[in-house]
Each structure stands twice: as C-alpha cells, then as structure tokens.
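Everything below concerns the one structure shown next.
The values are calculated or read from the model by the stated rules, or taken from the named source; none is laboratory data. Every value quoted in this text rests on a predicted model; they were computed, and no experiment measured them. No Cβ is skipped: glycine too gets one built from the backbone with ideal geometry, and neighbour counts run over all protein chains shown.
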Amino acid sequence: MSRRKAAAGPPEGAWVYPVSELNRAVRLLVEQEFPEIWVEGEVSNCRLQNSGHCYFTLKDHAAQLACVLFRSAAGRLKMPLQDGMQIQVCGELSLYEARGQFQMIVRHVQEQGAGLLHAKFEALKKKLDAEGLFAPERKKALPKFPQRIGIVTSPTGAALRDMLHVLNRRAPWLSILLSPARVQGQGAAEELVEALHRLDRAQENGLPAVEVILFGRGGGSLEDLWPFNEEIVARAVVACRTPVIAGVGHEIDFTISDFVADLRAPTPSAAAELVAPDRMTIRESLSGNRERMRRMLVSRMEKERLRWERLSPQQLRRQPVRSLEAARQQLDLLMNRFELAGSAAFRAQRERLESWRHRLKAQAPAHKLAETRERMERLRKSLNQTIRRLLEQQQQVVAKRTSMLRLLGPQKVLERGYTLVFDEEGQLITRPDETKRDETLQIRFAQGGLKVGVQSQIEET
C-alpha cells in the first residue's frame, strides 16, 4: 500500500489513506478474519437483477446485514427467496470497495432450522431401523381387490382431490372413508395419529371396516412435511392392524412414515394407483377365464366322444346291458360335473358382478348399471346356448350307441327264428352233452318261452 506524509492538519507523523486503499485494506482484513460463516435472520428488500444476481438484507430485531447471492449460487436454490422468509446463509463477509458497503457474499441458503431437522430425521431413522421397524418381513400384505379403503389427509388439500380422481377412474365401485387431519403445523402429528387410530378401529367406532389405508399429503418444505417424521406418527403407522400405504410429498421426498409403512408410494396419486385395481384389467381377466372354461368343457366332451368310438362291437355284444348302464352312468356323471362346474363358475361370476353393481350404484351413473345388466344377460344366453349344444351332441351319441346295441343284441337274433336254451340254474346251454336226463330246460323264443324235459340225447353228426 502506498502512503504519503500528511500535510498541514493531521498530527505529526500521521499517514493519510486514499479511500480506495482504505476500503481494500478493510476488505482484506474482513475476508481474512471471516473466511466462512453462518448467519440467520429474516429476508427483506429482496431484489432479483436481470443479471441473475440476487440482493437482499438479512435482519433480526436489532440489526441488519446486506447480502448478495450471485447467479451461480442462486441457480441452486430449491425455492426463490421472498421477503419475510426465515433463512440460514453460509458465505464470506466482505466490503464492496466502490461504495464502502459492508456485506456478505452468500454461497449457500437453507430455511432456518433445516439443519437441525435433518439431524433429528437421521437420528430417528437410525433408532427405528435398529428396532426392526423398517424390515420387509414386518410389512403386511395388501388386499388384491379391496372393497373399502380409508384415507388420512387434509380434507381441503390437493392430495385428496388427486387420490379421489384416480380411485374413481380406476375402480369406481370402491367405498372410501375419509379420516381428516391437519398435515402441517403445530398439533398436526397428534391429529394424524388420531386419524389413523379412527380408521384402524373403525368397527369399534360403529363405522364400516376398511381394508387398506392411504396416508399422506402433497409436496412442501422439510418443515411442512415434518409431522410425517415425528416418532409418534411412525409408531402409530406400525401399530395399525390395517395395511398402510404412505404417499407423502413428491417423488424425491422421503419421510420416516415412508420407511415404516407397509408400502411407500412416491406421490399421493401413485398411492391411489397402487391400491385400486384397474377395472379394464379385471374385465379382460374375466373374459379370458370364460374362454378358458369353454375350451376345457369342449375338450372334455371331445375326449369322451373318442372313448366311445374306440369301443369294439365284440365288447358291446359281450356285455350289452352292462355297457349301456355304464354309458348312462358316465353320461350322468359328466352332466353333473358339467352342471356343477358351469353353475359354480357362472354363480361366482354373477355374485361378483352383482357385488360390483351394488358398489357402483352409489358411485357411477345409471347408464353404467344398465350396461352391466346387458352384459350379464349376453353372458347368460351364451353360456346356456353352449350347454344346450353340448348336451344335444351327447344325446345324439347315446342314441346312436343305443340303436347299435339293439341291432346287435340277442333279442334281434331271437326275432330271426333262433332260440336260447337254459338249464335249471339259468345257465345257457350250447351243446347236448351239457344236459342230463329228466332235467327240465327253459327255451326262450323272441316272444315268451317253454319248459321241456330231457328224455334222451341225440348224437351229434
């Protein structure tokens, strides 16, 4: 630094500093003494320049400090600065030489208390994890097709509107029970615990039981989301007998409630997507099941038809009555199985669709119910037609086999003039030496029969 002796006026031996050199000297001393420092206070006089730099004043009840946030650091802010915000800033103290203004060059900004909250978050997370509350084996399974769900959130928030929109679009038959609670601010954690308890013990409170609980809110700052990081809320989620899906904030937000819940969704809307089965997918599944049942029935009937065709005439002649009885019994068995399988499947489908119809009655317009009835009627007619067609085919097969039995049976042989001879014990006689003298024989004609006595045997020629 260049200096010169003072002229008349200053004390003898005193040095006079040029303003620029004095300001530079002070700047160097301040920057050397305070290379990095944290300061907290309230934002005021916040101005964003076209250059991208942000100028503002940080104040408390007794003093204020001029601050500058250059464009490179301002671009890293999660939210813009506004007057009245309580923040903590990190940077270097300096002096703007051109104006002799004491200021702070800000490098990092966070909302006041964020550092403390983050430390509390990590401590609680470590504690609950050590207790095994984050373990996958502790998590409860979710119902695949729930009929009634509960929601814990603010009744006036956008999160509730988003969840209801998704649920109505994917599964309009669902019954929804809302347990309202504040989701931020003083006392919010206690209200969330009480809302969870009301839904989990709904039947004890005279309300219908829910099968799963959606639990969450929309995005916000760390302070806004903090009730979902409170230990009492986390333990209330763990204590729920009903499965809980947490959908708190945006996809990048994580809370303690996310870790202890049975399932974590990135957003409230995503939580609704996870719990509600898509009605189009269900419709396609039912259609596929019906087609598979039809193919199974046709395949079984075809197998039985081939089995009958493989029976030889010799087998039919040897045991005509028994074969006919067995055929009739087999047909009865197949018809019973067919009726049981068809009626059970049809009854299950009808009961399920009837249940949906009742649930949709309170949710959907009247024309949707009419469409469901028409679709059920078409399914019933189609199934009845299929059953009648298969039964007619089997009846034709039985009639054909019966005609063959009558054609090849012994009665036809007798009608051509032949007779059958039986001994006294009813055994068929085919040779003379099988008879005894004075034995009474029975002769059967096509119509009636005679009893004759044996007097002598005629020698075979």
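For the condition exposed (fewer than 14 other Cβ atoms within 10 Å of the Cβ) and modelled with pLDDT under 80, what is the one hit in Glu377, Glu415, Glu392?
Step by step, each of Glu377, Glu415, Glu392 is checked, and only Glu415 is exposed (fewer than 14 other Cβ atoms within 10 Å of the Cβ) and modelled with pLDDT under 80.
Is segment 88-103 home to any residue that is in contact (Cβ under 8 Å) with a residue 60 or more places away in the chain, under 18 Å from Ile213 (Cα atoms), assigned to a loop (DSSP other than H, G, I, E, B) and touching a Ser or Thr at 6+ places or on another chain (Cβ under 9 Å)?
no
Note down all Cβ pairs under 8 Å where the first residue falls in segment 153-165 and is touching a residue at least 12 places away in the same chain (Cβ under 8 Å), the second is outside any loop (DSSP other than H, G, I, E, B) and among the basic types (Lys, Arg), and they're at least six residues apart or on different chains.
Qualifying pairs under 8 Å: Thr153/Arg217; Ser154/Arg217; Gly157/Arg217; Ala159/Arg217.
Grab the helices (runs of 4 or more DSSP H) fully contained in segment 229-293, keeping just those with 3 or more residues being aliphatic (A, V, I, L, M) and surrounded by 18 or more Cβ atoms within 10 Å (Cβ to Cβ).
In segment 229-293, 231-239, 268-275 are the helices (runs of 4 or more DSSP H) which contain 3 or more residues that are aliphatic (A, V, I, L, M) and surrounded by 18 or more Cβ atoms within 10 Å (Cβ to Cβ).
Count, please, the residues in segment 196-228 that happen to be among the aromatic types (Phe, Trp, Tyr), over 22 Å from the mean Cα position of the chain (by Cα) and under 18 Å from Ser269 (Cα atoms).
Looking only at that region, the number is 1.
Here is a check on your reading of the model: is Glu194 under 25 Å from Leu222 (Cα atoms), among the charged types (D, E, K, R) and touching a strand residue (DSSP E or B) at 6+ places or on another chain (Cβ under 9 Å)?
Yes; evaluated as a whole, the condition is true for this residue.
Identify, by number, the condition in (1) touching a Ser or Thr at 6+ places or on another chain (Cβ under 9 Å); (2) modelled with pLDDT under 80; (3) among the charged types (D, E, K, R) that Arg264 doesn't meet.
(2)
Please name all residue pairs, on different chains or six or more residues apart, with Cβ atoms under 9 Å, provided the first residue is in segment 201-220 and is over 23 Å from Val183 (Cα atoms) and the second residue is part of a loop (DSSP other than H, G, I, E, B) and among the aliphatic types (A, V, I, L, M).
Gln203/Ala209; Pro208/Ala202; Ala209/Ala202
Is there a residue in segment 45-53 that is under 22 Å from Ala98 (Cα atoms), assigned to a loop (DSSP other than H, G, I, E, B), over 56 Å from the mean Cα position of the chain (by Cα) and of a type in the set (Ser, Thr, Tyr)?
Within segment 45-53, not a single residue is under 22 Å from Ala98 (Cα atoms), assigned to a loop (DSSP other than H, G, I, E, B), over 56 Å from the mean Cα position of the chain (by Cα) and of a type in the set (Ser, Thr, Tyr).
Assess whether Lys126 counts as being in the same structural domain as Ala261 (by TED's automatic domain parsing) and either at pLDDT 90 or above or not aromatic (Phe, Trp, Tyr) (or both).
Judged against the criteria, Lys126 is a match.
Residue-by-condition table, conditions (1) assigned to a loop (DSSP other than H, G, I, E, B); (2) small (Gly, Ala, Ser):
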position: Leu177; (1), (2): no, no
position: Gln186; (1), (2): yes, no
position: Ala189; (1), (2): no, yes
position: Leu196; (1), (2): no, no
position: Glu204; (1), (2): no, no
position: Val210; (1), (2): yes, no
position: Ile213; (1), (2): no, no
position: Pro227; (1), (2): no, no
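Between residues in segment 178-191 that are closer than 19 Å to Ile149 by Cα and residues that are surrounded by fewer than 16 Cβ atoms within 10 Å (Cβ to Cβ), which pairs lie under 6 Å by C-beta distance while being six or more apart or on different chains?
Taking only residues 6 or more apart or on different chains, the pairs are Pro180/Pro155.
Please determine, by comparing only the residues of segment 113-143 that are within 20 Å of the chain's Cα centre (by Cα) and closer than 24 Å to Ala195 by Cα, which one is surrounded by the fewest Cβ atoms within 10 Å (Cβ to Cβ).
Ranking the candidates gives Ala141 first.
Before we move on, is Leu69 of a type outside the set (Gly, Ala, Ser), surrounded by 15 or more Cβ atoms within 10 Å (Cβ to Cβ) and more than 29 Å from Trp226 (Cβ to Cβ)?
In short, no.
Within segment 132-151, is there a residue that is touching a helix residue (DSSP H, G or I) at 6+ places or on another chain (Cβ under 7 Å), closer than 30 Å to Asp60 by Cα and of a type in the set (Val, Ile, Thr)?
Checked against the condition, which is being touching a helix residue (DSSP H, G or I) at 6+ places or on another chain (Cβ under 7 Å), closer than 30 Å to Asp60 by Cα and of a type in the set (Val, Ile, Thr), segment 132-151 yields no hits at all.
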